[in-house]
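*Asks:* Structure below; questions to follow.
The values are calculated or read from the model by the stated rules, or taken from the named source; none is laboratory data. Just so you know, these numbers come straight off a predicted model, no measurement behind them. Cβ sites come from the backbone with ideal geometry, for glycine too, and all protein chains shown count toward neighbours. For the accessible areas, the whole protein counts, side chains as well, though only heavy atoms, and no ligand, DNA or RNA atoms are used. Shrake-Rupley method; radii C 1.70, N 1.55, O 1.52, S 1.80 Å.
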Number of protein chains: 2
Amino acid sequence: MMPDCRAPRIVIEQVTPQVDAGAFPVKRVAGESLAVQADIFADGHDKLAAAVIFRHQDDGEDSTVPMVLLNNDRWEARFTVALTGFYTFYVTAWFDPFASFVADYSAKAKAGVAKAADLAEGQALVRAALGADAPVDAQSLLSVEMRARMAASGPRRFVARSADLTIDVDREAAGFSSWYEIFPRSQSGDASRHGNFDDVIAQLPRIARMGFDVLYLPPIHPIGRTNRKGRNNALRAGPDDPGSPYAIGAEEGGHTAIHPELGTLPDFKRLIAAAADAGLEIALDFAIQCAPDHPWLREHPEWFAWQADGSIKYAENPPKKYEDIVNVDFYAPASMPALWLALRDIVAFWADQGIRIFRVDNPHTKPLPFWEWMIADIRSRNHDVLFLSEAFTRPKMMYRLAKIGFSQSYTYFTWRNTKLELESYMNELTSAPVRDFFRPHFFVNTPDINPYFLQSAGRAGFLIRAALAATLTGLWGVYNGFELCEAEPVPGREEYMGSEKYEIRAWDHEREPNIIKEITALNAIRRENAALQHLTGIEFLPCNNAQVLYFRRFSDDGNVLLIAISLEPHSFQDVMIELPLWRWGIADDGDLKAEDLMRDENFIWHGKYQPVRLNPFEMPFCIWRVSPAQV
Amino acid sequence: MMPDCRAPRIVIEQVTPQVDAGAFPVKRVAGESLAVQADIFADGHDKLAAAVIFRHQDDGEDSTVPMVLLNNDRWEARFTVALTGFYTFYVTAWFDPFASFVADYSAKAKAGVAKAADLAEGQALVRAALGADAPVDAQSLLSVEMRARMAASGPRRFVARSADLTIDVDREAAGFSSWYEIFPRSQSGDASRHGNFDDVIAQLPRIARMGFDVLYLPPIHPIGRTNRKGRNNALRAGPDDPGSPYAIGAEEGGHTAIHPELGTLPDFKRLIAAAADAGLEIALDFAIQCAPDHPWLREHPEWFAWQADGSIKYAENPPKKYEDIVNVDFYAPASMPALWLALRDIVAFWADQGIRIFRVDNPHTKPLPFWEWMIADIRSRNHDVLFLSEAFTRPKMMYRLAKIGFSQSYTYFTWRNTKLELESYMNELTSAPVRDFFRPHFFVNTPDINPYFLQSAGRAGFLIRAALAATLTGLWGVYNGFELCEAEPVPGREEYMGSEKYEIRAWDHEREPNIIKEITALNAIRRENAALQHLTGIEFLPCNNAQVLYFRRFSDDGNVLLIAISLEPHSFQDVMIELPLWRWGIADDGDLKAEDLMRDENFIWHGKYQPVRLNPFEMPFCIWRVSPAQV
């Protein structure tokens, strides 16, 4: 067995960030700074140098950032990813003979044993790199200027490089936005009149005033009539029941058509434009299942699974059957690739109408290779399209969907209520590698989830959950009604009575109790404080009350918030919080300047421990912007 | 962009054990059981099945072990690696339509909605797999027997597989052995007479009686005369000074020659045989550096770095110079590959003489690609050769040497003295992935390390360090003199006065104080208790004294030891230990049978908390073998 003497002599390993050894890209948003680190070392004591080389997919040019040694063989370089789309990067390292010469000669000089002959190696390196005229006296050789020139132009030996790694850069809204969900048909203000896009346009000022920036609509397509579901998910619909918008497709058309009662495509485009004027972006639903009336059953029966007796196979999860829904068969011979292309074309169609955010219904019940390809295909043309994964399923599938391309993901947040649950879930979400591929979107409720906690928590409970969702991550979402403290359940179930999935509702947007003012304040605080505009930058802090979640949020630009949220909606919570004075090098008896952002009060805190009372009948949480009292 | 509809539908990820995404093998010893786990899942709710497929490098046949679902999409299979050498394995998974049929039909039957027609799918699957005669009534279809037959013979759809991973299986001594180190020239019993291999043979019964099973000898080759070092590392040797055996090579020969005063090659082979008869295996030193008199400087000047003035470049670490040592240049043009092959041939030469363990001196100052190739080359012919890395350097280099092939490694153990240090170091070493590639060898001392702790700790200190090393891992080592409580330092330094590296010593093996009896007992306990024969199977337990390390050692076969070691050699330590009764499901007021293995006493412990007094003047540690009192 012969040796490979040219095998890399320098080790480059544990390059971060990376996901599954580079099998999937690391996610960032445009404008973020990326810190690439690697363990770099080699045999012996010769000096190494290293750099990160990166390139954007649409750019022919490599960029180079020198790495610096942190400690313990760990090197780092930082750079900003300015553009959306994919970047690739790798780490390279080499022996730097001139740096070794400088280190060796300096050590000898310091010990008083340097001789003129010891300069020869450095002189030869400089003359070879910079020409025979270069100054080579001892002072010039060891100068900062010469080291810089030689770092750039000197010889590099045993150059090694890591594998390529990929960064998937989304626009900022991928990491920071505030969603509001409505059923367009419920926007007329009259439960007996089907709302349309103009009714939605009329609601835009109200929604924008609350500070939301994404308006998410469930499917807007024609709704099937065969086996249509009635109110409260009844097996049979009454004659006036509108049906579930998730039973997609009727004689009026399928996934690229609009339900006639909502309006026309031009109406919809008017809505998109009006929303944009109001600072709102429209997010559409992409739900693949078909109603039995969907045109595809007629036009493309070969994309569906048929029984031996010629009947269609309805969706089922034995023993349950879903007779209003038919699933396409991704692996029917005729489906590959015709069905896949047709589904991609649906998304492309709506992207062409100006939609840049898709909320995807139940992606975990469709093949992963489909999503991986479809999202890459759409984003190869429009880097700024975002996909939200609605996969309420087992954790590894949820993470995998994020790895293969989903920009954001629904989470278990709605079922995390205690301090231990919230801290451990946040620690999981903000630890590598999860934080590098999974963007958790904290919805306080959805049309399918009327959380048990809210059913009995009263107004204080809504304030608690709003404060948690709005401050724990950069992405939060509210389904219409939450701000009005709507919580009436189907008894014993986590569902809304009179669910809008099956009937048209009329909402009184001024009814009491409500938390509209507080949601408006939360969204304003989010916009004004960079610390709340991303997932990372969170630290749970000590306090002496297990019913109080107390944490620090911070961003690179020095914005720091301290946040204390009671988790108990029925009683006052007294808590002694510990101010992290040491983060600013302030002694335990020092001062911290604080602004109470929900109450618009400024004051000075003296000393490390501070008593706080959280009042469920007024506001069960506090958000303080803090900074050192003496600057 | 066209989709790849054939891309794997089933996800297989997070396969463990693995090291750096499969870049390096996982280490095990022959006879060990390996638990392979993986996350396996796919879209939808159809049933999956999975298996591990493995194969030994010398075997043409694959073996298959079915995996079982643990929980949360995590699957596992266990198998035993019986042979030394490399195994490869991979994980494979598939949709199991018959299992899905059984699950779906059973759900319908339980809900009382199963119809005869619902059997059709299962019947078709059975007939296709087992023939038209197979029984297909409902009872037969759902029977345990049918499920087993169909699991083996039924259809498998969407079969996916992981990448290949590698297991490097060493013989048992790689993970469990007790080393003793001597300088052969010091074995005559008379400091004025150079010892030889027959003197070593005379010492074998004494060493074997203590229970050691590896006898490690520093280099046995001719020693250079040019710039030879004197006693206590003096710059110039006196006329009778024997020199450091690490200055290898003289006119009598180089790395394949034997220092004439030690004996001849036949003498050495007699030593190997006599050691084997005594239950001892000889480990040799492989130190690449050359004395200036090494024959290679004359025969292969092209393998060394020469100065412009024609002089040789001595080893240096500026400002220090090592004028008794010359380093080969692995990357001189003529060295590639001639020098690499010549070095490999040295190891191969000693392997041919019967040596199966090499302790490698300072591997971190030689190129990693050399070690990776050399070790693989030697082990491709002799799977049972072991290499111990003596790299006292930064942690990542130490770990990398283990990854690329070293079987065992020296550690920082000698500098870990406090409870916090020992617990955190053990937690690092026993956590994945470190435990899967790095086998820590705990030497209590070496010719280069006279630990500060021992210099002032007295006999109790030697007992403490022996107990720690002998019980914390499967590998421990003693350099001659430790058992005699030898600790005289070069003042202020961590070195031995009168170091055997530079002079011949005579040892009185009966001198007092000594801990020969205790070392003998420790080695006997190690041999009799599987719990002490590996690195893993350790849990630190609660006790109320920060000067006491208290832990549980356990093995798969039910052998359980509780061990309490005082870390304070000068005073009694009273401690309340907590018995882990819950490990056996015993209530807090229950009983545990205990054998005090160092004192040969049996008793019953009643209740969870037990007071213990550790006496430095007698024995500052306890080892109890425990089991439930009622079986």
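*Asks:* Normalised by the residues of region A:176-293, what does the relative contact order come to in percent, with Cα pairs under 8 Å and at least six apart?
*Replies:* 32 percent
*Asks:* To the nearest 100 Å², how much accessible surface do chains A and B cover up together, summed over both, with a 1.4 Å probe?
*Replies:* Buried surface at the A/B interface: approximately 4800 Å².
*Asks:* Now for a separate question. Using Cα pairs closer than 8 Å and at least 6 residues apart in sequence, work out the relative contact order for region B:312-422, in percent.
*Replies:* The normalised contact order for region B:312-422 reaches 20 percent.
*Asks:* Please list, ordered by chain and number, the residues whose modelled amide H lies under 5 Å from the amide H of B:GLY477; skip anything fewer than 5 residues away on the same chain.
*Replies:* B:TRP179, B:PHE442, B:PHE443, B:VAL444
*Asks:* Report the residues of region A:359-377 in range of a label on A:ILE312: point 7 Å along Cα→C-beta, backbone N strictly under 19 Å from it.
*Replies:* A:366
*Asks:* Still on this structure: Report in % the part of the accessible area of region A:1-76 that belongs to carbon and sulfur, leaving out ligands and nucleic acids; probe 1.4 Å.
*Replies:* 47 percent
*Asks:* A further question on this structure: Would you grab the residues whose amide H sits under 5 Å from the one on A:SER499? Only those 5+ places off in sequence or on another chain, please, with H modelled 1.01 Å from N.
*Replies:* Placed amide hydrogens put A:ASN232 under 5 Å from A:SER499.
*Asks:* Could I ask something else about it? Would you mind listing the distances between the A:ARG149 label point and the same position in each other copy? Use 7 Å along Cα-to-C-beta, nm, one decimal, shortest first.
*Replies:* 8.7
*Asks:* Also, I was wondering about something else. Suppose we compare each residue of region A:387-422 in its chain alone and in the full protein complex with a 1.4 Å probe; which ones drop by at least 30 Å² of accessible area?
*Replies:* Going by heavy-atom accessible area, the residues of region A:387-422 that drop by at least 30 Å² are A:ARG394, A:LYS396, A:MET397, A:ARG400.
*Asks:* Let's test the formula: R0 of 35 Å, r as the Cβ-Cβ distance of A:ALA334 and B:ALA138. What FRET efficiency results, to the nearest 0.05?
*Replies:* The calculated FRET efficiency here is 0.55.
*Asks:* Between the alpha-carbon centers of region B:210-276 and region A:551-627, tell me the distance in whole angstrom.
*Replies:* Computed from Cα coordinates, the inter-centre distance equals 70 Å.
*Asks:* In sequence order, what are the phi-derived ³J(HN,Hα) couplings for region B:2-14 according to the Karplus relation 6.51 cos²θ - 1.76 cosθ + 1.60 with θ = phi - 60°, rounded to whole Hz, with x for glycine and proline?
*Replies:* 8, x, 9, 5, 9, 4, x, 8, 9, 8, 10, 9, 6
*Asks:* Using a probe of 1.4 angstrom, how much of the accessible area of region B:373-494 is carbon and sulfur, in percent?
*Replies:* Whole-percent figure for carbon plus sulfur exposure: 52.
*Asks:* Per-residue HN-Hα couplings for region B:98-109, Karplus 6.51 cos²θ - 1.76 cosθ + 1.60 at θ = phi - 60°, whole Hz, x for Gly and Pro?
*Replies:* Once θ is set to phi - 60°, the couplings for region B:98-109 become 5, 4, 5, 4, 4, 5, 5, 5, 4, 5, 5, 4 Hz.
*Asks:* Add -39500 (n - 2.57) for each DSSP H run of 4 or more in chain B, then divide by its residues: what number comes out at 222 nm, to the nearest 500 deg cm²/dmol?
*Replies:* My calculation for chain B gives -7500 deg cm²/dmol from helical runs alone.
*Asks:* May I pose another question? So which GluC sites (Glu not before Pro) in region A:562-625 end up in coil per DSSP with only 14 or fewer other C-beta atoms within 10 Å?
*Replies:* Loop-located and lightly packed - A:GLU618.
*Asks:* Now for a separate question. Put the label 7 Å from Cα along Cα→Cβ for B:ASP508; what are its distances to the other copies, in nanometres, shortest first?
*Replies:* Spelled out, the distances from B:ASP508's label point are 10.4 nm.
*Asks:* Among the GluC sites (Glu not before Pro) in region B:204-267, which ones are in a DSSP loop with at most 13 other Cβ atoms within 10 Å of the Cβ? Mind listing them?
*Replies:* B:GLU251
*Asks:* Tell me whether region B:1-139 comes out rounded, prolate or oblate; compute the Cα gyration tensor, take square roots of the eigenvalues as a ≥ b ≥ c, and use a/c under 1.5 as the rounded threshold.
*Replies:* Here region B:1-139 falls in the prolate category.
*Asks:* Calculate how steeply helix B:144-153 sits against the longest principal axis of the alpha-carbon atoms of chain B, using the helix alpha-carbon long axis, and give the answer as 0 to 90 degrees to the nearest 10.
*Replies:* 70 degrees
*Asks:* Can you list the HN-Hα couplings for region A:193-209, worked out from phi with the Karplus curve (6.51, -1.76, 1.60; θ = phi - 60°), rounded to whole Hz and with x for Gly and Pro?
*Replies:* 10, 5, x, 9, 4, 5, 5, 5, 4, 5, 7, 4, x, 4, 5, 5, 4
*Asks:* Next question. Figure the gain on full extension for A:ALA273 and A:PHE158 (residue separation times 0.36 nm, minus the Cα-Cα span) and round it to one decimal in nm.
*Replies:* Going from the current span to full extension adds 35.6 nm.
*Asks:* Right, something else. Just to be sure I understand: of the beta bridges DSSP finds with both ends in chain B, what percent are antiparallel, rounded to 5?
*Replies:* 75 percent
*Asks:* What is chain B by shape, rounded, prolate or oblate, if you read a ≥ b ≥ c off the alpha carbon gyration tensor as root eigenvalues and call it rounded for a/c under 1.5, prolate for a/b larger than b/c, and oblate otherwise?
*Replies:* oblate
*Asks:* Explain nothing, just the number: relative contact order of region A:3-156, from Cα pairs under 8 Å at least 6 residues apart, as a whole percent.
*Replies:* Computed over region A:3-156, the figure is 21 percent.
*Asks:* While we're looking at this one, here's another question. With the crude spin-label approximation of a point 7 Å out along Cα→Cβ, what separation in nm comes out for B:SER555 versus B:HIS45?
*Replies:* So the two model labels end up 4.7 nm from each other.
*Asks:* To confirm my reading of the symmetry, which residue of chain A has the Cβ nearest the axis that brings A onto B, and what whole-Å distance does it have?
*Replies:* A:ALA21, 2
*Asks:* Next up: Starting from the Cα of A:LYS321, draw a straight line to each of the lysines and keep only those under 29 Å, dropping any in the same chain fewer than 8 residues away.
*Replies:* Within reach: A:LYS229, A:LYS313, A:LYS366, A:LYS396, A:LYS501, B:LYS47, B:LYS108, B:LYS110, B:LYS115.
*Asks:* Something else: Run the label-point distances for B:HIS606 please: 7 Å along Cα to Cβ, every other copy, nanometres, shortest first.
*Replies:* Ordered by distance, the counterparts are at 5.9 nm.
*Asks:* Then there's this: Among DSSP beta bridges lying fully in the protein assembly as shown, give the percent that are antiparallel, nearest 5.
*Replies:* Close to 75 percent.
*Asks:* Quick one: which residues, 5+ away or cross-chain, put their amide H under 5 Å from the amide H of B:GLY44? H built at 1.01 Å from N.
*Replies:* It is A:THR365, A:LYS366, by chain and number.
*Asks:* Next question. At most 12 other Cβ atoms within 10 Å and a DSSP loop assignment: could you name the trypsin sites (Lys or Arg not before Pro) in region B:86-155 that fit?
*Replies:* B:LYS115
*Asks:* Additional query: Hey, what's region A:60-205 come to in accessible area per residue, 1.4 Å probe, Å²?
*Replies:* Value returned for region A:60-205: 46 Å² of accessible area per residue.
*Asks:* So how far apart, in nm, are the two label points at B:GLU528 and B:ALA82 if each is 7 Å from Cα heading toward Cβ?
*Replies:* 3.1 nm
*Asks:* Leaving out ligands, DNA and RNA, what percent of the accessible area of region A:287-359 is carbon and sulfur, probe 1.4 Å?
*Replies:* Carbon and sulfur together cover 51 percent of it.
*Asks:* Per residue, how much accessible area does region B:395-523 show when a 1.4 Å probe rolls over the protein heavy atoms, in square angstrom?
*Replies:* 30 Å²
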